[in-house]
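Scroll down for the structure; my scribbles are underneath it.
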Amino acid sequence: MSLMNAKQYEESLRKLHFNVWMFGKKIENVVDDPIIRPSMNAVAATYEFAHYPEYEDLMTATSHITGKKVNRFCHIHQSTADLVKKSKMGRLLGSLTGCCFQRCVGMDAMNALSMTTYDIDQKYETGYNKRFLKYLEYVQENDLTCDGAMTDPKGDRSKAPHQQDDPDMFMHVVEEREGGIVVRGAKCHQTGAVNSHEIIIMPTISMREEDKDYAISFAIPADSEGITYIMGRQSCDTRKLEKGTMDRGNQFYGGHEALVVFEDVFVPWDRIFMYKEWDFAGQLVEQFASYHRQSYACKAGVGDVLIGAAQTIAEYNGAQKASHVKDKIIEMNHLNETLYCGSIACASEGHKEPSGTYYVNTLLANVCKQNVTRFPFEIARLAQDIAGGLMVTLPSEEDFRSPEVGKWIEKYYKANTDIPTEYRMRILRLIENITLGTAAVGYLTESMHGAGSPQAQRIMISRQVNMNAKKKVAKKLSGIPEDE
Amino acid sequence: MNNIRKIGLKYCGGCAPQYDRVQAVASIKRHLAGRVEFVSYEDRDVEGVLVVAGCPTACVDLTLFEGRPLWVVTSEKDAEGFVEKIKKMENTDGLERGI
């Protein structure tokens, strides 16, 4: 199959039979549900833009298995150039959609598995890597979207998986059968879950031997029997049910997250990539996390949209020449490009692993993500500063269109007289969407906690810096003998 | 008889372009209408390839085009320069490599 386009992707989702719940009801038509649809549009964009000549160089790659052109979201990185293009693709899509486009988690899971399965095989003479590569070929040939699912509910954080009062707090195997295993548990915060064809499960923490039943990784169709999706709420989500579309801010795209419950789900052996090799759980977690921390170049793309919106509202307000406004825009750009710097740096400093896959520099990937836990909040604050308080007191579109009161909104909320009041309202709604609304889920809180919370990166930074080398150069330059 | 040259077109991925590459190509096509037909870079039957990069980094992998005449534009000014270069070429058997 050649690369799918947006329409083909949409049709492929219609063939799946998800068990999805939202607001207490089972969703019968997931693809057309008005709250879910914008997120499907965002994933569809990853398919459609692969066909645009002006984006193709970032959106596609050459498969190292088949030699065919594949969507980069299905590609295993074969060079630092690939890693850099992945970062650039993230920024591109962030700027084109203004939201979380959801497909990166699966790509990062597959790249991590390409390495971990190889390393498990080297130690235990298993056949996971061959099995994984066969699965990868299937994903590439069919241009699938995979949900990379790591985060377990975790229960009592002071207890290991096997110590939990409820054993299902971490996903685990409950039964072995001739054809495969049965698993039970859940995965939280699953980005793009119901826009995915496949779900790839990974452990969420490093493990000890007592936790071996929890050291599992596998991939199954996202609509497998026994899987239930419970959609997460987002700030301002029900605006998507309103008659007009202006108050959504972003007219086209959005993201979603879900709790994914596995009730005794059967997994065939040929889809299992780790089974009780507990000593490799930590490696898989770290490798996935490092790739995923690199992936936050997407926030630089969303930042491009927010900065553009801030400049636009400044112009619409007639405030663009004020020196403090100009300086705030400069600061936003400085912070935004610094985010991008981190992603490009960890990619450029990547290296080849024994499996052949290229892996990011993990110290720089963690620095990248640590910045992402902070800078979007400041960029958002500056955007709100420039936008003004009207952003959060603006009447509804319905009032704006009202024959009785619309004229007052038109009159009193016009600023620059060359600009229609509606445009001023629209750009304010976009800033609201990214900093407070549905897109703030991805731009702010997900920037904080996605791919690991801030402390996780600080631990990794602490582990990976070479303090002995730093002390050595400091002592040398200050005349202190090296061994003192 | 006017021979229309066939030139392959390859864009960079456009992560953070410093100018509108698509508009620049549209302008090139307008100015070279009747002289050049731009086709896919994957077409092997071309006289050369025009690479349109959004910034001086020009991160497109050029090894794909080794041995073939190649031009890389990284700005609107480069795009204008490319148009002038093509217009000045008269009755040549092949196009010179432009990088």
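The values are calculated or read from the model by the stated rules, or taken from the named source; none is laboratory data. The structure presented is a predicted model; accordingly, all values stated were derived computationally and were not measured. All Cβ positions, glycine included, derive from the backbone under ideal geometry; neighbour counts span all protein chains shown. With ligands, DNA and RNA removed, areas are computed over all heavy atoms of the protein, side chains included. Shrake-Rupley method; radii C 1.70, N 1.55, O 1.52, S 1.80 Å.
Roughly how big is the B-A contact, given as buried accessible area in Å² (both sides, 1.4 Å probe, nearest 100)?
It comes to approximately 1000 Å² buried between B and A.
Would you mind telling me the antiparallel percentage of the DSSP bridges in the protein assembly as shown, rounded to 5?
60
Can you bin segment A:198-352 into rounded, prolate or oblate? Criterion: square roots of the alpha carbon gyration tensor eigenvalues sorted a ≥ b ≥ c, rounded for a/c under 1.5, prolate for a/b above b/c, oblate for the rest.
Details: a/c = 3.82, a/b = 1.68, b/c = 2.27.
Note, shape of segment A:198-352 comes out oblate.
Treating the angle as unsigned and between 0 and 90°, give the value, to the nearest 10°, between the Cα long axis of helix A:467-477 and the longest Cα principal axis of chain A.
That helix lies at roughly 70 degrees to the long axis.
What's the angle, to the nearest 10 degrees (0 to 90), between helix B:21-31's Cα axis and the longest principal axis of chain B?
Roughly 20 degrees, rounded to the nearest 10.
Of all the accessible heavy-atom surface of the protein assembly as shown, with the other protein chains kept in place and a 1.4 Å probe, what percent is carbon and sulfur?
Values: 13160 of 25970 Å².
For the protein assembly as shown, the apolar C and S fraction of the accessible surface comes to 51 percent.
Tell me, what is the FRET efficiency for B:Val22 and A:Arg458 to the nearest 0.05, using R0 = 51 angstrom and their Cβ-Cβ distance as r?
0.75
Starting from the 7 Å offset along Cα-to-Cβ, what nm value, one decimal, do you get for the label separation of A:Leu16 and A:Asp270?
For A:Leu16 paired with A:Asp270, the spin-label model returns 2.1 nm.
Note the full-extension length gain between A:Gln163 and A:Lys243 as 0.36 nm times their separation in residues minus their Cα-Cα distance, in nm to one decimal. Write out the running numbers ahead of the final one.
On the way: separation 80, 0.36 × 80 = 28.80 nm, distance 5.05 nm.
So the extension gain works out to 23.8 nm.
Please find the FRET efficiency linking A:Thr66 to B:Lys87, where r is the Cβ-Cβ separation and R0 is fixed at 41 Å, and quote it to the nearest 0.05. Don't skip to the answer; put the middle values down first.
Numbers: r = 43 Å, r/R0 = 1.04.
Plugging the Cβ-Cβ distance into 1/(1 + (r/R0)^6) gives 0.45.
Multiply the residue gap between A:Trp408 and A:Asp483 by 0.36 nm, knock off their C-alpha separation, and tell me the result in nm, one decimal place.
Numbers: separation 75, 0.36 × 75 = 27.00 nm, distance 7.76 nm.
This chain segment gains 19.2 nm when fully extended.
What do you get for GluC sites (Glu not before Pro) in segment A:199-292 restricted to DSSP loop and a cutoff of at most 15 other Cβ within 10 Å of the site's Cβ?
Values: sites: A:Glu209, A:Glu210, A:Glu225, A:Glu242, A:Glu257, A:Glu263, A:Glu277, A:Glu286; in loops: A:Glu225, A:Glu242, A:Glu277.
Here the GluC sites (Glu not before Pro) that fit, given the DSSP loop and packing criteria, are A:Glu225, A:Glu242.
Note down the nm distance, to one decimal, between modelled labels 7 Å out along Cα→Cβ at A:Cys341 and at B:Glu37.
Calculated label separation equals 4.9 nm.
For the peptides A:167-176, A:145-154, what is the packing order when you average, over each peptide's residues, the other Cβ atoms within 10 Å and list the highest mean first?
Details: A:167-176: 18.7, A:145-154: 23.2.
Put in order of decreasing packing, that is A:145-154, A:167-176.
At most 16 other Cβ atoms within 10 Å and a DSSP loop assignment: could you name the trypsin sites (Lys or Arg not before Pro) in segment A:45-149 that fit?
Numbers: sites: A:Lys68, A:Lys69, A:Arg72, A:Lys85, A:Lys86, A:Lys88, A:Arg91, A:Arg103, A:Lys123, A:Lys130, A:Arg131, A:Lys134; in loops: A:Lys68, A:Arg103.
Here the sparse-neighbourhood loop sites are A:Lys68.
Once phi is turned into θ = phi - 60°, what whole-Hz ³J(HN,Hα) does the Karplus curve with 6.51, -1.76 and 1.60 give for every residue of segment A:63-68, x standing for Gly and Pro?
Couplings: 4, 6, 8, 10, x, 8 Hz.
For segment A:105-164 and segment A:204-250, what is the separation of their Cα centres, given in Å?
17
Counting only heavy atoms of protein chains, what accessible area per residue, in Å², does chain A have with a probe of 1.4 Å? It would help to have the intermediate numbers written out before the result.
Numbers: 20340 Å² over 484 residues.
On a per-residue basis, chain A sits at 42 Å².
For chain A, what does the alpha-carbon gyration tensor say about shape, rounded, prolate or oblate, given a ≥ b ≥ c as the root eigenvalues, a/c under 1.5 as rounded, and a/b over b/c as prolate?
Working: a/c = 1.85, a/b = 1.31, b/c = 1.41.
Oblate, since a/c reaches 1.5 and b/c is not below a/b.
Within segment A:75-98, which residues have the backbone N less than 12 Å from the label spot 7 Å out from A:Tyr52 along Cα→beta-carbon, could you tell me?
A:92-98
Could you give the angle, 0 to 90 degrees to the nearest 10, between helix A:323-348's Cα long axis and the longest principal axis of the Cα atoms of chain A?
20
Could you state the number of Å between the C-alpha centres of segment A:296-343 and segment A:5-25?
Each part reduced to its Cα centre gives a spacing of 35 Å.
In segment A:391-405, whose amide N lies under 19 Å from the spot 7 Å out along Cα-to-Cβ of A:His324? List them in ranges.
Answer for this model: A:391-392.
FRET efficiency for A:Thr126 and A:His334, Cβ-Cβ distance as r, R0 = 35 Å, nearest 0.05? Show your work: numbers first, answer last.
On the way: r = 49 Å, r/R0 = 1.39.
That gives a FRET efficiency of 0.10.
According to a simple spin-label model (label point 7 Å from Cα along Cα-to-Cβ), what is the distance in nm between A:Asn29 and A:Glu398?
About 2.3 nm separates the two model spin labels.
A drop of at least 40 square angstrom in accessible area, chain alone versus all protein chains together, probe 1.4 Å. Which residues of segment A:79-102 meet that?
Correct list: A:Lys88.
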